[in-house]
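The values are calculated or read from the model by the stated rules, or taken from the named source; none is laboratory data. These numbers come from a predicted model, not from an experiment. Reconstructed Cβ throughout: ideal geometry from the backbone, glycine too, with neighbour counts over all protein chains shown. For accessibility, only protein heavy atoms count, side chains too; no ligands or nucleic acids. Shrake-Rupley method; radii C 1.70, N 1.55, O 1.52, S 1.80 Å.
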Amino acid sequence: MHDTTARTAAAAPAALATAEIVVGVPSYNHAGTVASVLRAAQAGLGEVFGGQSSLLVSADTGSSDGTREQVRGLRAEIPLLRELGLADGAGGAASPGVETRELRMILELAHAVHARACLVLDASVTSMGADWVERLVRPILDEQFDIVAPCPARHKLDGAIGNGIVYPLTRALYGKRVRQPLGSVFALSGRLVERFLARKVWDIEVSALSADARAVSEAICGEFAVCQAFLGPADHAGSGSSLDLSSILATVLGSVFDEMNHNVSFWQKVRGSEPVRWFGTPVEIAGNPPPVDTHKMWESFRLGCRTLQDVWSVFLPPATLLALKYLARDDATALADDLWARIVYDFALGYRLHVMNRGHLLRALTPLYLGWLAGFAREMAAVPSQDVERRVQQLSMVYEAQKPYLISRWRWPDRFNP
Amino acid sequence: MWEQIKEALYQATHRVLVGVADFLPGLLALVLAVLLASLLGWLLGALVGLILRGLDFDKRLQKWGFVTMAEWSPKNSPTLLLRKIVAWTVVVLGWLVGLTAFGAGVTPQLILHVVESLPNLGTAIVVVLLGVLLARFLCRAVLISAVNMQIQSARLLSLAVKWLVLVFAAAMALDHLRVGGDIVRLGFAILFGGIVLALALAIGLGSKEIVSRSWERQTHAKAEPPDDAFKHL
């Protein structure tokens, strides 16, 4: 656990013993975007919750690109703004996942001021509107929900890791249809903040990429009330750490699989799934989506099938390996949904059993993911967004249908071992 | 004359019988020591096997991430491997004891030499084992990374890395055992230098266009939009 005792005294002003709403912005090398996020949050708080006491908090312990100076420069413009961080010179570790520490600081402050709602925003978003604050906080204050997951508007094929893996997997595991568990912003009730701090949920370093998925699954397993809110488009600026696809997959799935291991007694009892209440109206995104080079993706998949069979054979059953071999050899253009779901489940099991270095295992999924994505993108190229959504729901149902396979393998891994 | 022949025959027979009488106990001791050591080795091996199986050693080893060790010797499980090591160590010790009893003149020097070489041998074995583990780890890491970077010759690249590390570990082990002397060092230097030179020539001559394109891409990276604008997250 990190030492947060060196926190600056500016954190909780003596005059403000309580606050109804705390809006926290954890940042790490986001000098280019942090100001616009803080301004939008200030506007949102002022417009909608003017009468309620609120705090706007920027938390940063490790930036080296002038983010903290940017925030300090906004003090006069935004009177609500407070800073959290290590004292100057204490030095924050510049590592992926450093925002977890900032997140924990924000939750501790929210708990200290007895906040009813704590909204965590993403400092890398360039398109945040003032209405985001209301959309995310209102369900907690007025409807007594405990966590509000965001659903930003996106182009139909964007967020493929969420569409093809994280959403169907979390839905099948935990039985709640939270459409974008990797939404990068979320709002929590006071009692859920208390629970997270008590269970030391954020004491484990996880990347900021998957902090939100962790919050959602922890809330569902704690049987807290979950809902989701439609938001406008969420464009992200490149932050200090630019990751390649296999690193993103490894980071996100590592965290999701860790949660899976952690909550095994919960998800093994869950059957099927139920819808989660929506707030707001869906926002249509303007413009055409960027073109997708499906041929290049499929070639990556075929190269993986030719080259990585030895690696996959450690944890994928022979039937799956055979199916992949045929796919790479024939003129096939897509992975079947049930095959894809079983592959993801097999990777989760391999991760749990530690059959090889976990970084290697997660990175070895990249060609398979590209193969799935190539097929999905080809199929969805000419259809409207609503049909893409229907297709994702169909894939999710296949994940649910294949869940007994996961449970069997989880309980008796030797029975399937190649 | 007859008396002298009788005497010579008698003395020769005596010497042979004395020789055989001197030789037999040593031989019997050697045979007994080897038999006993084999029996003891088998018993100890079986005991180690039982204990390790009881501890579920093979699966534990996998859980601790030592999958590569099992792969290194695929026909033998780690338990079987350890069982054999224990048994053969006891048998070799039995041979040394037997040889000492058999010929007191030569074998103490042999034992002394063996005992003196043991630490170096142990270190060399550890170096080779670590080399094998590292080679397999790096081989897999390079293979996966190269495939993810869509390098067509990913397997070749990973095999090159694997053998480079293996050769390096073997050279270190042999150097430690003082086997081959300068030849090993020289051979390794030539091999390693050759590989580096070959790579340099390959890049310098064969792939100069790729390198220059890559260099240009890096230089103009900020000005050009990225190839893959697709949002995976």
Take A:GLN386 and tell me if it is assigned to a helix (DSSP H, G or I), open to solvent by 30 Å² or more (accessible area, probe 1.4 Å), more than 13 Å from chain B (Cβ to nearest Cβ) and modelled with pLDDT of 90 or more. no
Pull out all pairs, ordered by first then second residue, where Cβ-Cβ is under 7 Å, the residues are six or more apart or on different chains, the first lies in the stretch A:159-179 and is on the phi > 0 side of the Ramachandran plot, and the second is among the β-branched types (Val, Ile, Thr) and surrounded by fewer than 24 Cβ atoms within 10 Å (Cβ to Cβ). A:GLY175/A:VAL270
Name, by its number, the condition in (1) at pLDDT below 90; (2) more than 14 Å from every other protein chain (Cβ to nearest Cβ); (3) touching a His at 6+ places or on another chain (Cβ under 7 Å); (4) open to solvent by less than 20 Å² (accessible area, probe 1.4 Å) that does not hold for A:LEU197. (4)
If the requirement is being among the aliphatic types (A, V, I, L, M), surrounded by fewer than 18 Cβ atoms within 10 Å (Cβ to Cβ) and at pLDDT 75 or above, which of these qualifies: A:ALA10, A:ALA76, A:ALA40? A:ALA76
Condition first: within 13 Å of the chain's Cα centre (by Cα), open to solvent by 10 Å² or more (accessible area, probe 1.4 Å) and within 12 Å of chain B (Cβ to nearest Cβ). Now tell me which residues in the stretch A:153-176 satisfy that. A:GLY162, A:ASN163
Any idea how many residues of the stretch A:336-347 are of a type in the set (A, V, I, L, M) and open to solvent by less than 10 Å² (accessible area, probe 1.4 Å)? 3
Restricting to the stretch B:119-175, count the residues that are in contact with a Leu (Cβ under 8 Å, 6 or more places away or on another chain), aliphatic (A, V, I, L, M) and more than 26 Å from B:ALA189 (Cβ to Cβ). 6
Residue that is in contact with a helix residue (DSSP H, G or I) (Cβ under 7 Å, 6 or more places away or on another chain), more than 29 Å from A:LYS403 (Cα to Cα), small (Gly, Ala, Ser) and open to solvent by less than 30 Å² (accessible area, probe 1.4 Å), where the choices are A:ALA130, A:ALA149: A:ALA130
Contact list, first residue from the stretch A:40-67 and hydroxyl-bearing (Ser, Thr, Tyr), second anywhere and assigned to a helix (DSSP H, G or I), beta-carbon distance below 6 Å, six or more apart or interchain, is A:SER54/A:LEU45; A:SER58/A:VAL71; A:THR61/A:ARG101; A:THR67/A:VAL34
Of the residues in the stretch A:99-142, how many are closer than 18 Å to A:PHE196 by Cα and in a loop (DSSP other than H, G, I, E, B)? 5
Candidate set: the stretch A:299-308, residues that are surrounded by fewer than 20 Cβ atoms within 10 Å (Cβ to Cβ) and not acidic (Asp, Glu); chosen: the one farthest from the other protein chains (Cβ to nearest Cβ): A:ARG302
Just a yes or no: is a residue in the stretch B:3-14 surrounded by 10 or more Cβ atoms within 10 Å (Cβ to Cβ) and under 14 Å from B:LEU82 (Cα atoms)? no
Would you mind finding the one in A:GLU205, A:GLU218, A:GLU223 that is among the acidic types (Asp, Glu), modelled with pLDDT of 90 or more and either open to solvent by 10 Å² or more (accessible area, probe 1.4 Å) or under 16 Å from the mean Cα position of the chain (by Cα) (or both)? A:GLU223
Selection from the stretch A:140-165 of residues that are at pLDDT 90 or above and closer than 20 Å to A:ALA336 by Cβ: A:ALA160, A:ILE161, A:ASN163, A:GLY164, A:ILE165
Filter the stretch B:140-192 down to residues that are part of a helix (DSSP H, G or I) and either open to solvent by 80 Å² or more (accessible area, probe 1.4 Å) or not β-branched (Val, Ile, Thr) (or both), then give me how many there are. 37
Regarding the stretch A:365-386, can at least one residue be identified that is more than 22 Å from A:THR294 (Cβ to Cβ) and within 21 Å of the chain's Cα centre (by Cα)? no
Across (1) over 16 Å from A:LEU157 (Cβ atoms); (2) outside any helix (DSSP H, G or I); (3) open to solvent by 40 Å² or more (accessible area, probe 1.4 Å), A:PRO404 clears everything bar (2)
In the stretch A:348-372, how many are open to solvent by less than 10 Å² (accessible area, probe 1.4 Å), assigned to a helix (DSSP H, G or I) and either at the interface with another protein chain (Cβ under 8 Å from one of its Cβ atoms) or modelled with pLDDT under 90 (or both)? 2
Considering every residue within the stretch A:185-192, establish whether at least one is touching a Leu at 6+ places or on another chain (Cβ under 9 Å), in contact (Cβ under 8 Å) with a residue 12 or more places away in the chain, within 14 Å of chain B (Cβ to nearest Cβ) and open to solvent by less than 20 Å² (accessible area, probe 1.4 Å). yes
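A quick yes/no check of all residues on (1) within 14 Å of chain A (Cβ to nearest Cβ); (2) out of contact with any Lys or Arg (no Cβ under 6 Å at 6 or more places or on another chain); (3) small (Gly, Ala, Ser):
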site: B:GLU116; (1), (2), (3): no, yes, no
site: B:VAL142; (1), (2), (3): yes, yes, no
site: B:VAL147; (1), (2), (3): yes, yes, no
site: B:VAL165; (1), (2), (3): no, yes, no
site: B:LEU177; (1), (2), (3): no, yes, no
site: B:GLY180; (1), (2), (3): no, yes, yes
site: B:GLY193; (1), (2), (3): no, yes, yes
Got at least one residue in the stretch A:322-332 being within 14 Å of chain B (Cβ to nearest Cβ), closer than 30 Å to B:CYS139 by Cβ and surrounded by fewer than 20 Cβ atoms within 10 Å (Cβ to Cβ)? yes
The one condition B:ASP22 fails out of (1) modelled with pLDDT under 85; (2) surrounded by 13 or more Cβ atoms within 10 Å (Cβ to Cβ) is (2)
Note on B:LEU129: of the conditions (1) at pLDDT below 80; (2) assigned to a helix (DSSP H, G or I), unmet is (1)
So, A:VAL98, is that one at pLDDT below 85, open to solvent by less than 10 Å² (accessible area, probe 1.4 Å) and under 18 Å from A:ALA213 (Cα atoms) or not? yes
The residue from A:VAL276, A:VAL283, A:VAL311 that alone is open to solvent by less than 40 Å² (accessible area, probe 1.4 Å), touching a residue at least 12 places away in the same chain (Cβ under 8 Å) and away from chain B (no Cβ under 12 Å) is A:VAL276
